[in-house]
Each structure stands twice: as structure tokens, then as C-alpha cells.
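The values are calculated or read from the model by the stated rules, or taken from the named source; none is laboratory data. The shown structure was predicted, so the numbers you read here are calculated from the model rather than taken from an experiment. Please note: Cβ atoms are built from the backbone with ideal geometry, for glycine as well, and neighbour counts cover all protein chains shown.
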Amino acid sequence: MTTTTAAAAKEQADAIAARVRPPRFPDREFPVTDYGAVGDGSADCTAAIRAAIEDCAAHGGGHVTVPEGTYATGPVRLRSGVDLHLRAGATLAFSRDPAAYLPPVLTRFQGVETYGYSPLVYAHGERDIAVTGAGVLDGRADETHWWPWSGQEEFGWRPGLPQQEDDWPLLWAQAERGDPVEQRVYAEGRHFRPNFLETYRCRNVLVEGVTFVRSPMWVMHPVLCQGVLVQDVTVDSTGPNNDGCDPESCRDVVIRGCTFNAGDDCIAVKSGREADGRRVNVPSEDILIEDCVMRHRYGAITLGSDMTGGIRNVFARRCHIGGPGLYFGLYIKTNSVRGGFAENIQLDDITVSHLTKEFVTCDFHRGEGDTGGYPPRVRDIGIRNVTVGRARRALLAQGYPHAPIRGLRLTDCTFGEMAEPDRLEHVEDFLVDGVAPDGVARDGGR
């Protein structure tokens, strides 16, 4: 099989960086305070913020500015040509009332299209949009608001309380039957938590400089977008399923200079789930992750598990990973129920201090295991110039006899204190070159 060389990987990554540029906005400002917003933390500024955004869009775009202060608000809907800019000292404090996030909007929940509660910041079908500045977006989720719907007792759920698993089998069954998306309405009276910032079928998206805290669920979720730049963003949100950034079925994405202290995967690349993923059938591709810090909690860089539409051309370089609560470095999650593919995945110049589990994990036996009819395809995984101080293992890679993992290569890597030997099964074209210490499996994985 053809594998990607170091030179080719660098060339492809540089090309993505060159293509993905921030949108440009007219030099016009629309301060939300001019529309009646009051930054006292209690006055409802939803209508004022909406009016500023609509006026900005009607005038051909510009910057909707949020001055210093705390602005209580419901959902924010972005429009083409609008940069929502939070100045230093500004906080958007979002409502905890689910009714504020009605009427339902088109979204995805766990890789399945549905009409659900609006994300806290939402855009659909827009272009040239941004959320920027030095301010804070506070979802105000906690053990009594949003998080208990996860069904996890550590986040406030108790027996007898509603949870998302009450509704998930119904949505999943509708998707498996192929029911029209318009019939899949899971909002009022249902318990799917909204994502924080979601851009749906948008082009030229920028998220820059801001800090996200206390998200109900996933923090940044671009879906079916092209040209997404997430730059110098801080995610400090450790609630249930608080992934940091989840590009799903997107093309040309750059995640640069960000810090993730997340409650789930720091970055999780996705492409839809099972029958709905096959129906939409749009991969995530051409994704660059560089100069980021990932501290907590499950995977630093994860592919899946909602990856039925496939993932290709993912590049990560110059990142710092690790902490006592971080599990995996590169985590590829799929099986023969989810299916899909992951190909041309390249990591270079990664420094890892401490992981609880493996630096690379790809185990086709996870979850439902080999019980479906869609064996995944994972191939051309390049790991270069990686240093890992401490972990359970360097590698856990287990394919199927009928669908092996192909083309796993480690070059010029150093693995320090590994508690257990690597585990490889049904891995073909496994290559190790210049790896220390001399304890990494070298038998081709058969």
C-alpha cells in the first residue's frame, strides 16, 4: 500500500494552512449596548443582542461588539458577515432554562440529525461568520442544570430523574428506519443537551481568542462546514461529554494555538453515525491541528466514534499533551457497527508528559465489537518525532482478521516509562524506525 512520507505530510498540512484564512469583515461596529443590552448580569439581553446582529447583517456586516460586563442572554443566532466580538472583561452568561432554546433547530446529536434545542450560539447556512475577542462565553451548566441529563451521578443525575438515554433509542430507531429528519423532533420535554457553539452548513468560520466555560455538552461543533479556523481559544469545561472541538463532516479545518481542559475528548473528528452517517455520507477531511495544548480528559486527538462517513487527511504537529487525567494521545474509535474509514493520519513533533492509557489506541473490538456488517478501514497512520514520558503503553492496535489495520509507522520516537508491553493484533505493514527504548513491538503485529 502507498504510505504518506514526512515530506508529503508537511506539504499537505502546509496547503491546508494556506487555504484556511480568517474571514474579513467591514470596519463597522454595532455595540450591543446601543440596542439596550445592560451588562449587569441580570437584565435579559437576548433581544438586544439579536437586534444588533440583525442590524449588522442588514448593513453588509461588521463587528457586533460586547463591552466589559456580564450579559445574560438566551441563544445567539449568527448571520453572514457578522463577527460577534467580546472585548476583554465581557461575559455572555447563557440562560439555564431549556424553554429559552426553542423553537427547535436542525442539529446533530451523537452523529444523528434531529431537530433539538438550539445550541447556545448557532448558525445555519451562513458564511463569513466569527466569534472573537478576549471575553468569556459561560454556558452556566452545572450539577443542577443541563449536566444531570447525561445520566451520570457524578454530574447530578439521580434515579428517577430524566436523562438522554430515555430518548436516544427513539431517535436511533428513527434514523435506522430512515424517517425524514423533519419528523425527528427532540426538544421540549426531551433531554438531549445542546452543544455550545454549532455552525451548520456554513463557510468561512472563525472562532478566535475567546474562552468557553461550563458547556452543556460539546463545546465547538462545526457540521458540514468548509473553511473553519479555531485559533487561540481556551476551553475550560469539564462537564459530561464536554468535548473541546468536534469538526463533523467538515473540510478544511485548522485548530491552532488552543488550550483544552475538557470533560471528554479534547478534539474529536467525526462524520455521522451508522444509518444516518451512511445517508448523509460526507467525510471529514483536510484537518490541521497545530501548536495546541491538551490536558484533560479522554482522547487528546480522537477520530470517532461517530465516523461512519469516514475521515481522511488529518495532521497534528507541535502539540503538547498530557496530565494525570488524560487517557489517550491518538484515539481511533470504530468497529463493524460504526464502520467508516480513517486514512492518512499524520502526527509529528508531539510532546507527551503523562497519559493514563496508550499513546495510540485503535481497537476494533471496542463497544459492539465485530457484530455489524461494516468493517472499518484504517490505514496510513504516521507517528513521527513523538516523545512520551509516561503511559500505560505506547500502542494498542487491534484489527479484525478480515479487516486488519494497515500501514502503522513510528519514526524517531521516544517512549519513556511504559507500564505494560504494546498489544498489536491483525496489524499489517507495521514499521518502527529509530524508536527508543527498544521495547516497541516489531513483529508486524500478526
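If we keep just the residues of the range 15-43 that are in contact with a strand residue (DSSP E or B) (Cβ under 9 Å, 6 or more places away or on another chain) and under 23 Å from ASP291 (Cα atoms), which is surrounded by the most Cβ atoms within 10 Å (Cβ to Cβ)?
The qualifying residue surrounded by the most Cβ atoms within 10 Å (Cβ to Cβ) is VAL20.
Assess whether THR46 counts as being within 20 Å of GLU198 (Cα to Cα), buried (at least 16 other Cβ atoms within 10 Å of the Cβ), without any contact (Cβ under 8 Å) to a residue 60 or more places away in the chain and out of contact with any Pro (no Cβ under 9 Å at 6 or more places or on another chain). If you could, list the steps in order and put the result at the bottom.
Details: within 20 Å of GLU198 (Cα to Cα): yes; buried (at least 16 other Cβ atoms within 10 Å of the Cβ): yes; without any contact (Cβ under 8 Å) to a residue 60 or more places away in the chain: yes; out of contact with any Pro (no Cβ under 9 Å at 6 or more places or on another chain): no.
For THR46, the condition - within 20 Å of GLU198 (Cα to Cα), buried (at least 16 other Cβ atoms within 10 Å of the Cβ), without any contact (Cβ under 8 Å) to a residue 60 or more places away in the chain and out of contact with any Pro (no Cβ under 9 Å at 6 or more places or on another chain) - is not met.
Based on what the data block shows, is ASP83 acidic (Asp, Glu), over 23 Å from PRO216 (Cβ atoms) and surrounded by 20 or more Cβ atoms within 10 Å (Cβ to Cβ)?
Yes: the conditions hold for ASP83.
Checking the conditions here, which among ASP286, ASP276, ASP306 is among the acidic types (Asp, Glu), within 15 Å of the chain's Cα centre (by Cα) and surrounded by 24 or more Cβ atoms within 10 Å (Cβ to Cβ)?
From the options ASP286, ASP276, ASP306, the qualifying one is ASP306.
Given the residues GLY372, GLY339, which is the only one that is on the phi > 0 side of the Ramachandran plot and modelled with pLDDT of 95 or more?
GLY339
Does at least one position in the range 253-271 carry a residue that is on the phi > 0 side of the Ramachandran plot, in a strand (DSSP E or B) and not β-branched (Val, Ile, Thr)?
no
Which members of the range 1-28 meet the condition of being free of Cβ contacts under 8 Å to residues at least 40 places away in the same chain and closer than 24 Å to GLU126 by Cβ?
ALA18, ASP27, ARG28
Is it true that some residue in the range 142-164 is within 25 Å of ARG278 (Cα to Cα) and assigned to a loop (DSSP other than H, G, I, E, B)?
Looking for residues that are within 25 Å of ARG278 (Cα to Cα) and assigned to a loop (DSSP other than H, G, I, E, B), one finds none in the range 142-164, hence no.
Given the criteria in a strand (DSSP E or B), in contact with a Ser or Thr (Cβ under 6 Å, 6 or more places away or on another chain) and among the β-branched types (Val, Ile, Thr), does THR387 qualify? Write out each step before concluding.
Working: in a strand (DSSP E or B): yes; in contact with a Ser or Thr (Cβ under 6 Å, 6 or more places away or on another chain): yes; among the β-branched types (Val, Ile, Thr): yes.
Yes.
I'm checking my understanding of the structure. Among residues of the range 208-262 that are touching a residue at least 40 places away in the same chain (Cβ under 8 Å), acidic (Asp, Glu) and more than 25 Å from TYR327 (Cβ to Cβ), which one is surrounded by the most Cβ atoms within 10 Å (Cβ to Cβ)?
So, considering only residues that are touching a residue at least 40 places away in the same chain (Cβ under 8 Å), acidic (Asp, Glu) and more than 25 Å from TYR327 (Cβ to Cβ), the one surrounded by the most Cβ atoms within 10 Å (Cβ to Cβ) is ASP252.
Conditions first: (1) at positive phi; (2) modelled with pLDDT under 95; (3) surrounded by fewer than 19 Cβ atoms within 10 Å (Cβ to Cβ). ASP412 passes all but one, so which condition is the exception?
Condition not satisfied by ASP412: (2).
Mind checking which residues of the range 31-72 are closer than 13 Å to ALA90 by Cβ, among the polar types (S, T, N, Q) and assigned to a strand (DSSP E or B)?
THR65, THR70
Condition first: of a type in the set (Gly, Ala, Ser), crowded, with 24+ Cβ neighbours inside 10 Å and out of contact with any Gly (no Cβ under 7 Å at 6 or more places or on another chain). Now tell me which residues in the range 325-352 satisfy that.
Those that are of a type in the set (Gly, Ala, Ser), crowded, with 24+ Cβ neighbours inside 10 Å and out of contact with any Gly (no Cβ under 7 Å at 6 or more places or on another chain): GLY329, ALA342.
Does the range 286-315 hold any residues that are among the aliphatic types (A, V, I, L, M) and over 17 Å from ALA262 (Cα atoms), and which are they? Let's see the steps before the verdict.
In the first step, residues of the range 286-315 are kept if they are among the aliphatic types (A, V, I, L, M); the result is 287-289, 293-294, 300-301, 303, 307, 311, 314.
Of everything in the range 286-315, those that are among the aliphatic types (A, V, I, L, M) and over 17 Å from ALA262 (Cα atoms) turn out to be ILE287, LEU288, MET307, ILE311, VAL314.
Search the range 346-371 for residues being in contact with a His (Cβ under 9 Å, 6 or more places away or on another chain) and part of a loop (DSSP other than H, G, I, E, B), and hand back the single one that is nearest to ILE405 (Cα to Cα).
Looking at residues that are in contact with a His (Cβ under 9 Å, 6 or more places away or on another chain) and part of a loop (DSSP other than H, G, I, E, B), I get PHE364.
With surrounded by 22 or more Cβ atoms within 10 Å (Cβ to Cβ), out of contact with any Ser or Thr (no Cβ under 8 Å at 6 or more places or on another chain) and free of Cβ contacts under 8 Å to residues at least 24 places away in the same chain as the only criterion, which of PRO148, PRO159 stands out? Give the steps one after another, and end with the answer.
Working: PRO159 fails: surrounded by 22 or more Cβ atoms within 10 Å (Cβ to Cβ).
The unique qualifying residue is PRO148.
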